[in-house]
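Structure first, commentary second.
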Amino acid sequence: MVQKDTVQPLPIVLPAFCRVPDRIDFYAVTGDVSMRGVRLRSASLPRQGEVVECRIRGIDPFEGRVVQVTPTDFTVKVGGASSGVIARQLFEAGRSQPEPEPPVRVHPRFVPRRTDVEVARSDGQSFAARILNLSASGVAVAAARYVEPDSIVTIGATLARVVRLFEGGFGAAFLQPFDHGSIGPDFVL
């Protein structure tokens with residue numbers, strides 16, 4: 001019989017400084033803590049199996065092994081004799097944080113009729129992509145090519161900044177948002 005982790009992850013949002021010895025130093029933000037470990041979000045990602053040293057405000061410094069990596073986050077299993085102390089500190093910090101408010105969309109998303117679009121990177125390279133959804137302030141794009149986080153791209157004829165990466169694409173915020181009343185299903189970037 002396989003026993004599943006029945007304890008829900010506890011959301012916790014704290015800034016962290018992480019380090020993979022002899023390779024990379026980077027900033028991250030905690031996402032949650034669970035029996036699996038501490039999940040952190042970062043634009044720089046360690047490799048699965050690497051040892052990571054982390055410093056989180058209000059928590060004793062700790063070291064752990066990366067047990068999971070996704071395109072936007074990674075999970076560290078804290079090791080050593082202090083793992084119980086670290087877990088207790090993280091759970092106390094998580095419980096003391098207010099419940100997150102549900103996100104409110106200023107500009108509702110929709111899927112335009114025409115989803116095929118050309119994306120041009122600042123280095124001049126361009127590639128075909130597909131719009132997943134669109135709003136007056138940004139767009140989610142499915143693309144097989146990599147774009148750098150925080151880079152400026154041209155989507156169709158519209159300049160945008162890459163604000164997040166996800167598996168198979170990216171999200172971008174328009175440098176000049178559109179008037180909400182001027183866009184709809186027939187809108188073309």
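No lab work stands behind these numbers, since they all come straight from the coordinates. Since we're looking at a predicted model, the values are computed, not measured. Counting neighbours? That spans all protein chains shown, and the Cβs are built from the backbone with ideal geometry, glycine included.
For a label point 7 angstrom out from the Cα of GLN48 toward its Cβ, which stretches of the range 62-99 have the backbone nitrogen within less than 13 Å?
66-71, 74-75
Counting helices only, and only those DSSP H runs with n ≥ 4, report the 222 nm mean residue ellipticity of the chain as the sum of -39,500 (n - 2.57) divided by its residues, in deg cm²/dmol to the nearest 500.
Computed mean residue ellipticity for the chain: -2500 deg cm²/dmol.
Normalise the Cα radius of gyration of the range 116-182 by 2.2 N^0.38 Å (N = residues in it) and let me know the number.
Values: Rg = 10.8 Å, N = 67, 2.2 N^0.38 = 10.9 Å.
Rounded to two decimals, the normalised Rg is 0.99.
Taking only Cα atoms, what is the 0 to 90° angle, nearest 10, from helix 83-96's long axis to the longest principal axis of the chain?
50 degrees
For the chain, what's the relative contact order in percent, using C-alpha pairs closer than 8 Å and at least 6 residues apart?
14 percent
Answer with a single label: of (i) 1.29; (ii) 1.23; (iii) 1.04, which was calculated as Cα Rg over 2.2 N^0.38 Å from the structure in view?
(ii)
Give the residues of the range 168-183 whose amide nitrogen is closer than 19 Å to a point set 7 Å from the Cα of TYR146 in the direction of its Cβ.
What the label zone holds, given the 19 Å backbone N cut-off, is 168-172.
In what sequence, highest mean first, do 16-22, 137-143 appear when ranked by Cβ atoms within 10 angstrom?
Ranking, from highest mean packing down: 137-143, 16-22.
Distance from the Cα centre of the range 44-87 to that of the range 111-189, in angstrom?
Between the Cα centres of the range 44-87 and the range 111-189 lies a distance of 33 Å.
Between SER182 and MET35, how high is the FRET efficiency from 1/(1 + (r/R0)^6) when r is the Cβ-Cβ distance and R₀ = 45 Å? Nearest 0.05. Mind dumping the intermediate values first?
Working: r = 49 Å, r/R0 = 1.09.
Using R0 = 45 Å, I get an efficiency of 0.35.
How would you order 122-131, 52-61 from highest to lowest mean count of nearby Cβ atoms within 10 Å?
Per-residue Cβ counts within 10 Å, averaged per peptide and sorted highest first, yield 52-61, 122-131.
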